[in-house]
Amino acid sequence: MNFCSDNVVGVSPEIMAALVECNHGVAMPYGNDDRTLYLNHLFSELFETEVLVFPVATGTAANALALSVMSTPYGAIYCHHQSHINCDECGAPEFFTGGAKLVTLQGEHGKINAKDLAGAIARAGTGIVHHVQPTAVSLSQASEAGTVYSIREVAQIAEVAHSHGLPLHMDGARFANAVVTLECTPADITWRAGVDVLSFGATKNGAMAAEAVVFFNPDLAQTFIYRRKRSGHLFSKMQFLSVQLEAYIRNNLWLKNATHANQMAKDLAEKLTRLPGITLCHPVEANEIFVQMPEQVIVNLFADGFRFYRWDGEDSTTVRLVTAFSTKEDDIAALVDATRKYCFQHLSVTDN
């Protein structure tokens with residue numbers, strides 16, 4: 001009944017079992033345990049290149065701390081105006097960078113594009129003391145509109161960023177959903193396409209509380225250990241974050257979970273858009289659906305106990321529906337059946 005977010009569901013049984021197993025014996029604190037030290041090897045295998053990995057507990061911490069090593073306090077970080085770092089992180093990127101400015105770009109379906117980015121950087125006033133100076137670019141994969149950047153789109157953005165000496169950050173809160181959609185390797189959509197730092201999300205896709213900052217450019221990681229400690233994300237019992245990430249990757253659980261969530265979203269979107277009065281706002285490329293519904297349909301669904309967000313304010317008829325690794329076909333059927341009933345009721349009223 002609850003389609004508000006993929007954060008509303010519980011923990012994958014495989015990850016919960018790993019946490020229980022980890023709760024035996026002793027381990028060195030502050031990331032000096034064997035599980036945490038093993039993550040560099042595990043993620044290097046996953047991404048087919050040597051990487052440095054730092055577990056944190058939240059996506060906001062992953063993004064803000066990653067950006068803190070990429071930008072100066074007087075820097076400009078380019079991102080989409082709907083991006084999570086701009087809309088949903090309470091100024092954390094600005095705080096942890098010491099005051100960098102988020103310079104937002106428009107773009108259809110939640111994505112920036114290389115041409116607009118190049119134009120914004122050209123107009124930035126580089127070298128002029130009165131202006132913030134371009135320092136980094138951040139994009140969300142999947143985007144806040146539930147869409148996915150292609151490998152080519154990421155590479156084009158990276159080319160623009162790197163031509164101006166700017167590193168590229170990827171907010172991968174729903175990275176697994178994007179990889180499944182693209183049917184590519186994690187390497188193809190990250191460092192091979194020009195990404196320097198990835199916020200690798202797990203919480204939305206089955207973990208209890210575990211994210212990772214993955215550095216493909218080791219030069220950017222030199223001060224990260226101190227920034228993570230200062231932010232309160234150097235956990236004394238770090239093994240409980242690390243074991244979640246290990247179990248998440250093991251046996252491709254992360255891709256299995258994302259495949260299910262994506263398929264549930266696709267099925268839901270296909271069935272909803274057959275109904276009168278339902279209009280799809282963005283392509284459904286991951287596990288988020290944005291649709292417009294008649295107001296009375298929304299009111300009736302809420303009254304039935306369904307939960308989801310109005311996306312553009314309390315009076316908006318645009319709603320977001322999010323599926324998860326544990327969404328059941330019965331959940332989809334119940335929502336579709338109720339929506340169908342209220343759509344035809346609304347159609348009958350309006351016809352009369």
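Of all DSSP beta bridges confined to the chain, the antiparallel ones make up roughly 50%. For region 128-145, the residues whose amide N sits under 19 Å from a probe point set 7 Å from the Cα of H164 along the beta carbon direction are 128-140.
When the Kirkwood radius is taken over all Cα pairs of region 257-351, what Stokes-Einstein diffusion coefficient follows at 37 °C and 0.692 mPa s, in µm²/s?
Working: Rh = 13.4 Å.
For these conditions, the coefficient is 245 µm²/s.
Test of understanding: extend the Cα→C-beta vector of Y30 to 7 Å, then name every residue of region 236-267 with backbone N under 18 Å from that spot. Of the residues in region 236-267, 236-242 have backbone N under 18 Å from the label point off Y30. Its Cα centre serving as origin, region 257-351 has a Cβ charge dipole (Lys and Arg +1, Asp and Glu -1) of approximately 120 debye.
If each residue of separation counts as 0.36 nm, what is the full-extension length gain between H131 and C184 once their alpha-carbon separation is subtracted?
Details: separation 53, 0.36 × 53 = 19.08 nm, distance 3.94 nm.
Difference between extended and current length: 15.1 nm.
So with the 1.4 Å probe, I'd like the accessible area per residue for region 77-191, rounded to whole Å². I get 41 Å² per residue for this part. In this simple spin-label model, placing a label point 7 Å from the Cα along the Cα-to-Cβ direction at both R310 and D116 gives a separation of 2.6 nm. Taken along the Cα-to-beta-carbon direction at a fixed 7 Å, the label points for Y38 and E270 span 4.0 nm.
By accessible area, using a 1.4 Å probe on protein heavy atoms only, the chain has 52% of its surface on carbon and sulfur. The C-alpha atoms of the chain define a longest principal axis, and helix 239-249 lies at about 60 degrees to it. Less than 11 Å Cβ to Cβ from V284, Lys/Arg counted +1 and Asp/Glu -1: what total charge do the surrounding residues give? Residues close to V284 contribute a combined charge of -3.
Rounding to the nearest 20 debye, state how big the charge dipole of the chain is about its Cα centre with +1 on each Lys and Arg Cβ and -1 on each Asp and Glu Cβ. Don't skip to the answer; put the middle values down first.
Numbers: 25 positive and 37 negative charges, 97 e Å.
So the dipole magnitude of the chain works out to roughly 460 debye.
The share of C-alpha pairs in the chain whose separation exceeds 27 Å stands at 48 percent. Mean residue ellipticity at 222 nm, helices only, the chain: -12500 deg cm²/dmol; runs of at least 4 DSSP H residues each add -39,500 (n - 2.57), and the sum is divided by the number of residues. Backbone N atoms of region 21-51 closer than 11 Å to the 7 Å Cα→Cβ label point of R250 belong to residues 21-22.
In percent, what relative contact order does the chain have, based on Cα pairs under 8 Å that are 6 or more apart in sequence?
Values: 695 pairs, mean separation 77.9, N = 352.
Relative contact order comes out at 22 percent.
Each peptide among 33-40, 302-309, 211-218, 96-103 gets the average number of other Cβ atoms lying within 10 Å of its residues, and from highest to lowest they stand as 211-218, 96-103, 33-40, 302-309.
Please check: in the Gaussian network model of the chain (C-alpha springs, under 10 Å), which one of G25, G91, G165 has the largest mean-square fluctuation. In the Gaussian network model the winner is G25.
Taking a sphere under 12 Å around the Cβ of Y30 and counting the other residues whose Cβ falls inside, with K and R at +1 and D and E at -1, yields a net charge of +2. Peptides 225-236, 240-251 ordered by packing proxy, namely the average of other Cβ atoms within 10 Å per residue, highest first: 240-251, 225-236. As a calculated quantity, the FRET efficiency between K341 and S150 at R0 = 30 Å, using C-beta atoms, amounts to about 0.20.
Put the Cα centre of region 279-352 next to the Cα centre of region 123-153 and the gap is 32 Å.
What does the highest-first list of 7-17, 257-267 look like by mean Cβ count within 10 Å?
Values: 7-17: 16.1, 257-267: 22.3.
Per-residue mean Cβ counts within 10 Å order the peptides as 257-267, 7-17.
The values are calculated or read from the model by the stated rules, or taken from the named source; none is laboratory data. Predicted model, so just to flag it, every value in this text is computed and none were measured. Note that each Cβ is placed from the backbone with ideal geometry, even for glycine, and that neighbours are counted across all protein chains shown. With ligands, DNA and RNA removed, areas are computed over all heavy atoms of the protein, side chains included. Shrake-Rupley method; radii C 1.70, N 1.55, O 1.52, S 1.80 Å.
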